[in-house]
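Asker: Have a look at this one.
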C-alpha cells in the first residue's frame, strides 16, 4: 500500500482531534446522572465515526459523507484493516 496523500494525512489528524473532543464530552457527561442516555450515545457514535474516518483517511481513502458505522467498518476491511475482536 502506498503512503497516503498529505491532504488525507491532515484530514486523518483532524478527524482524530475531533474524536478526542467527543471523548472529553463523554467523560464529563457520563458522570452526570441527569444526562440522558441518548446524548451519551450520540457522542459515543460521533467519536467512533470520526475515528473510523480518520483510519480511512490514514489508509489513503477519502472518507465518505455517511454516518453508518457498519459501512465505515466494511470500507476499512476492504482496504485491509481488521476490526478488533471482542
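Asker: Could you tell me which label, among (i) 15.8; (ii) 12.7; (iii) 13.7, carries the value of Kirkwood radius over Cα pairs in Å calculated for this structure?
Answerer: Label (iii) holds the value from this structure.
Asker: Using a 10 Å cut-off on Cβ atoms, rank the peptides 50-56, 9-15, 39-45 from the highest mean neighbour count down.
Answerer: 50-56, 9-15, 39-45
Asker: Which value in deg cm²/dmol, rounded to the nearest 500, describes the helix-derived mean residue ellipticity at 222 nm for the chain, given -39,500 (n - 2.57) per DSSP H run of n ≥ 4 and division by the residue count?
Answerer: Calculated mean residue ellipticity at 222 nm is -22000 deg cm²/dmol.
Asker: Angle, helix 37-58 long axis vs. longest principal axis of the chain, Cα atoms, 0 to 90°, nearest 10?
Answerer: 20 degrees
All of the numbers you see were taken from the coordinates with simple rules; none came from a lab. All values reported here derive from a predicted model rather than from experimental measurement. All Cβ positions, glycine included, derive from the backbone under ideal geometry; neighbour counts span all protein chains shown.
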